[in-house]
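What follows draws every value from the coordinates through simple rules; no lab data is involved. Since the structure is predicted, the reported quantities are computational estimates derived from the model, not experimental observations. Positions of Cβ are backbone-derived with ideal geometry, glycine not excepted, and every protein chain shown enters the neighbour counts.
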């Protein structure tokens, strides 16, 4: 898979990034910043990375590319993406995060940040147009960079100091699945400062891709076992770059990311919610906020949040089905003042989930059940050619006969939504959504039904049809 912009940043196989492609895009980003008057010669650009084996090399090449463009790369080391964004925004500077997020270790990526937050699709287009000018092969990394890694990490922990009322987290025993997430140390520090007892589990020196939107059966089993064996009130984790949360309740069940986003919005009293069409269809009826639906990807959510702010909304919350939460303006919680952070963050939903349950004198499972959301599920078909998934979804979207034939063993389509991929409402109840991944060669499948068993069955039957029909398309 050639490196290209996906739902959040540049993504590709490691070999497609270390050949000079990542560096070319970094230099193109620097050129765009200068041409747009966002930066000037000598301006700092903060660099962070996740724990993938390839991330140090890609970071070094990007640093050299920024130097070649007359900018100053500043090393922030391994840290969560939201921590890097927060640090750079506080310095009114741009940033690059070297990460492939949740995708496998043989792939990686680069996320780009302006001084006011994550770039949008227009900036992506500008970067892509400049990148071919700088494709000159791998670059040697600079010998020394200014290091602000400890400052950036400390500032992120400080952001949440005082978030919860005194004693609210006291007595909570929370597991932390560390694996290879760049957010593990920050999460441990933040939860401990809030008063929880943190049990650190499963740290790995080898990168483990944890997808919080399509949690693997292996991860679910491991988390449930830890919850039981350690008598936990819940377990938390995050993906590789720490912008997507994983929360497991006291029964060992993984909480869906869109339920976490709704909890955040309700707990913080949001007056506007921006979330993709893949998030649970019951959100609109379970909150007081005005809900705006978008395509999948943080750039689309951020654009929707900007629209809400222009309309005068005062507490704008964005979230995706993967659980990452974005804030559009300053929000006070406890004694903390949360400055706007228009990029996904895993910490805020984790804190809100436990705080909201505690405030209601409920367990996590009781609190989520009380939301009354339709039962939803999601999964993916891995190593599924992107061209095949796109062609299949296009045909099913545009051809009624083909769509009816495809869904015949699943249910009769009664309505469709083409906002992002193909979302089908079935006449006997239930929803099935097919969407080619923007980050990896995968077909994403989402469902909603009356029960969890029915939701999972919809996904299984739909996945079988995808595999059956895919033989008619080129790989």
Review point. What is the list of residues in the range 197-239 whose amide nitrogen lies under 19 Å from a point 7 angstrom out from the Cα of residue 53, following Cα to Cβ?
Key: 203-210
Check your understanding: If you compute Cα extents along the principal axes in Å for the structure shown, which of (1) 60, 54, 43; (2) 61, 58, 46; (3) 104, 51, 47 do you land on?
Key -> (2)
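Percent relative contact order of the range 324-466, based on C-alpha pairs within less than 8 angstrom and at least six residues apart?
Details: 216 pairs, mean separation 29.9, N = 143.
Contact order relative to length: 21 percent.
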Point to revise | Length released on extending from residue 4 to residue 362, taking residue separation times 0.36 nm less the Cα-Cα span | key: 124.4 nm
Check your understanding: Given a Förster distance of 41 angstrom, what is the FRET efficiency for residue 416 paired with residue 369, based on the Cβ-Cβ distance and rounded to 0.05?
Key -> 0.85
Practice item. Please work out the FRET efficiency for the pair residue 34 and residue 310, using the Cβ-Cβ distance as r and a Förster radius of 25 Å; give the result to the nearest 0.05. Key: 0.35
**Study point:** Scattering profile of the range 70-171 at q = 0.16, 0.18 Å⁻¹ [log10 I(q)/I(0), Debye over alpha-carbon scatterers]
**Key:** -0.89, -1.07
Point to revise | Pairwise centroid distance, computed over Cα atoms, of the range 394-424 with the range 98-138, Å | key: 33
Practice item. Provide the gained length on full extension for the span residue 216 to residue 382, in nm with one decimal, where the gain is 0.36 nm per separating residue minus the Cα-Cα distance. Key: 58.6 nm
Review point. With contacts defined as alpha carbon pairs under 8 Å and 6 or more residues apart, what's the relative contact order of the chain in percent?
Key: 13
**Study point:** Burial ordering of 371, 338, fewest other beta-carbon atoms within 10 Å first
**Key:** 371, 338
Study note, to complete from the structure: Most exposed first, judged by fewest Cβ atoms within 10 angstrom, 393, 264 run 393, 264
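Where Rh is the Kirkwood radius over the Cα pairs of the range 407-475, the temperature 37 °C and the viscosity 0.692 mPa s, what D in µm²/s does Stokes-Einstein return? Spell out each step's value before the answer.
Numbers: Rh = 12.5 Å.
Answer from the Stokes-Einstein relation: 262 µm²/s.
What FRET efficiency would be calculated for the residue pair residue 399, residue 231, taking the C-beta separation as r and a Förster radius of 51 Å, to the nearest 0.05?
Values: r = 54 Å, r/R0 = 1.06.
Here the calculated transfer efficiency is 0.40.
How much length is gained if the chain between residue 143 and residue 254 is pulled fully straight, taking 0.36 nm per residue apart and subtracting their Cα-Cα distance, in nm to one decimal?
On the way: separation 111, 0.36 × 111 = 39.96 nm, distance 4.41 nm.
Net length gain for the segment: 35.5 nm.
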